[in-house]
1. Just how far, in whole angstrom, is the range 220-271 from the range 1-61 if you go by their alpha carbon centroids?
2. How much length is gained on full extension from ARG217 to VAL204, taking 0.36 nm per residue of separation minus their Cα-Cα distance?
3. Using 0.36 nm times the number of residues separating HIS51 and LYS369, minus their current alpha carbon distance, what extension gain do you get?
4. Would you be so kind as to identify which of GLY106, TYR79, SER133 lies farthest towards the positive end of the dipole of the range 67-146, taking Lys and Arg as +1 and Asp and Glu as -1 on Cβ and the Cα centre as origin?
5. With a 10 Å radius around each residue's Cβ, average the other Cβ atoms per peptide and rank 278-284, 4-10, highest first.
6. Taking the Cα centre of the chain as the origin, how large is its charge dipole in debye, to the nearest 20, when only Lys and Arg (+1) and Asp and Glu (-1) carry charge on their Cβ atoms?
7. Can you flag which of LYS45/LYS377; LYS231/LYS355; LYS99/LYS352 are past 18 Å Cα-Cα?
8. Compute and list, largest first, the equivalent-ellipsoid semi-axes of the chain from the alpha carbon gyration tensor, each √(5λ) rounded to a whole angstrom.
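Bear in mind that the values in this text are calculations on the coordinates, not laboratory data. The model shown is predicted, which means the values in this text are computed figures rather than measured ones. Cβ placement follows ideal geometry from the backbone for every residue including glycine, while neighbour counts extend to all protein chains displayed.
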Amino acid sequence: MKRLKPVRLGVIGCGGMGSSHISYFDKVNGLAFTAVADILPAAVKRHTEKHPNLKGFSSGAALMKSGLVDAVLIATPHYDHPVLTRLAFQHGLHVLCEKPVAVTAGEAERTNQAYRKVKGKVVFGVMFNQRTSPAWRKVRQMVTEGWLGEITRVNWIITNWFRSQAYFNSGGWRATWGGEGGGVLINQCPHNLDLFQWFVGMPVEVTAQVALGKYHRIEVEDEVIATMRFKNGATGVFITSTGESPGTNRLEITGDRGRLVTDGGSTIEFIHTEQSVSTFCKTTLERFANVPATRMTIEVPAGAAWGGQHQQVTQNFVNAITQGETLIAPGTEGIHGLELGNAMLMSGLLGKPVKLPTPRGAYAALIRKLAKRSAFKKVVAGGSKGDLATSA
Ligand SMILES: NC(=O)c1ccc[n+]([C@@H]2O[C@H](COP(=O)([O-])OP(=O)(O)OC[C@H]3O[C@@H](n4cnc5c(N)ncnc54)[C@H](O)[C@@H]3O)[C@@H](O)[C@H]2O)c1
C-alpha cells in the first residue's frame, strides 16, 4: 500500500472536534484537505470560506461519492459513526473515525466484519489520541514487559471529567439516549476504557452501579462505579463521574512483582518487589513482614508529557496509507472499550453482573428502549440506522 501522492482527506461533521482536527491539517505531511460535509450549511461555509479550494457537501454520502477524497475523518455524533464508516468502506475509502466507533459493541462488530472484506486495501483507524501520551505508553510497556509480574488488581479512579450543566445544555444531542447513546461512559470515558483494556486486557465479568442524572439535569449516566473479574482471578475497579470537582485521576496497577501508580502526567511511581509476592507469602517464616522492595519514580520524557495527541494519530493514519506504518489505534480495536462501557451500563441499569462479551441483542434492545423515550429524536442521515436499527 505504498503511495507517493498526498492523501485527499474529507471531514464529515465539522462542529467542535471536526474543526479542531482541521486546525492542524497544514502540519500533517502527505495530507491534502479537499472536502467537508455537515448537515448544517453554516458549519460547511465556515470552512469553505477559509479554504478556497475546499468543496463543501451537505451529507457524508455526497462527499464520499464526489471522487474528491481517498479518506474520511468522521467527527459526527456517535450513532452515525458505524453507518458512515461502513459506507466509506463500500466506496473503498480509508477511515479515521472519532471515538467511539459505535454506541454498541454489536454495531462495532458489524463494522469490523465489513472491514474484513476491504482489509489490505483500506486503512481503518480510530481517534484514541491518548494512546500517544508518554505516561500511558510507558504503563503499557511496563505491564506487557512483565515489570509487575502477573497482574492481580487494577484500580482507576477517573473522576476529573467534571462538566457543568451549561456544557450539557450546549448541544441537543449531548447526554441523551437518542442523540448520544449514553453519558460519561460513551462520551468522556472511551479513552480511559480503551487504555484500561490496552494495559491489562479484558475482564470476563463486570458489576456496576450507575447513576442517571445524579449531578445534572440529563437523561444519561453521570456516575459509574464498576468492579471487574479477570480470567486469572485478578480484579478491577473503575470509577468515573462528570459531577465531581476537583476530580481525581489515579491509576494503580498491582501485580505479583510490584505496583505502579500514576495520574498520566510526567511521572509513574513504581515499587518493584525483590521476589514474587505469592512465593514470599507462602514461604516466609515472618508473620508481619512485607516483601522487600525498591521504590522508584519513573520520569516520562520531559516536555512531552502530553504527547502528539490528535495530530500524531492523524499523521500516523496518513503514514499508514502512504507507507504502511503500523496504526497507533486500529479501528477494529474500538470494540474493546465499548464492550467494557456497554457491560458497565447494562449491569448498572439491570442491577446484576454482566458476562463479556455483552449479550448483543439484549443490549441493543435496552439502548433502543431508552432512545425511544429520549427527549432527543435522532434524524438518521441516509442508509442504515446502525445502532438504532430494529434488528439487533
Ligand atoms: N478525541 C477527542 O479528544 C474528542 C473530543 C471531543 C469530541 N470527540 C468526538 O467527536 C465527535 C463529535 O463531537 P463534537 O464535540 O465535535 O460535536 P459537535 O456537536 O460540536 O459537532 C458535530 C457536528 O456533526 C454534524 N453532524 C451531525 N450529524 C451529521 C451527519 N450525519 N453528517 C454530517 N454531519 C453531521 C453537526 O451538524 C455538527 O456540526 C463525537 O464522536 C465526540 O465523541 C472526540
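1. Going from one Cα centre to the other spans 37 Å.
2. My answer for the length gained is 1.3 nm.
3. Net length gain for the segment: 110.2 nm.
4. SER133
5. Per-residue mean Cβ counts within 10 Å order the peptides as 4-10, 278-284.
6. Approximately 1120 debye in magnitude.
7. LYS45/LYS377; LYS99/LYS352
8. Calculated on Cα positions only, the semi-axes equal 37, 25, 19 Å.
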